[in-house]
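Here the structure is laid out as structure tokens; the discussion comes afterwards.
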Amino acid sequence: MTYRGVVKKGVVVLEKPKALKDGTRVRVAPIATKRKTPRTRKADRIHPVGVWDGPPGELERLLAQVQRMREADLSN
């Protein structure tokens, strides 16, 4: 059976103080707590593999073309 509690001034204080009799031998282990530092988002770990070096507007034109091709495939 597991009992929960907190440490106060170096003493484990149980949530249900009458759960154990005085003199009962116990084993105490800390419970993992929430991280205090935020995790790194996956998007922050992705490194760019290149830089667009084409003429201005060309990337948007190509993306629009890909979207049209995708829509054409979905309508068939």
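No value in this document is a laboratory result; all are computed from the given coordinates. This is a predicted model, so every value here is computed, not measured. Reconstructed Cβ throughout: ideal geometry from the backbone, glycine too, with neighbour counts over all protein chains shown.
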When Lys and Arg each count +1 and Asp and Glu each count -1, what net charge do the other residues less than 15 Å away from Glu15, Cβ to Cβ, add up to? +4
Of the options Ala32, Val12, Ala64, report the single residue whose Cα projects farthest towards the positive end of the charge dipole of the chain (beta-carbon charges: Lys, Arg +1; Asp, Glu -1). Val12
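Report D for the chain in µm² per second (integer): Stokes-Einstein, Kirkwood Rh on Cα pairs, 25 °C, 0.890 mPa s. Intermediate values should be presented prior to the final figure.
Details: Rh = 19.7 Å.
D, rounded to a whole number, is 124 µm²/s.
Taking 0.36 nm per residue of separation and subtracting the Cα-Cα distance, what length does fully extending Arg27 through Leu62 add?
Working: separation 35, 0.36 × 35 = 12.60 nm, distance 6.48 nm.
Difference between extended and current length: 6.1 nm.
Once every DSSP H run of n ≥ 4 in the chain is given -39500 (n - 2.57) and the sum is divided by its residues, what mean residue ellipticity at 222 nm do you get, rounded to the nearest 500 deg cm²/dmol?
So the calculated ellipticity at 222 nm is -9000 deg cm²/dmol.
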What angle, in degrees between 0 and 90 and rounded to the nearest 10, separates the Cα long axis of helix 58-75 from the longest principal axis of the Cα atoms of the chain? 80 degrees
If you look for lysine pairs in the chain that are eight or more places apart or on different chains, how many of them have Cα atoms under 29 Å apart? 13
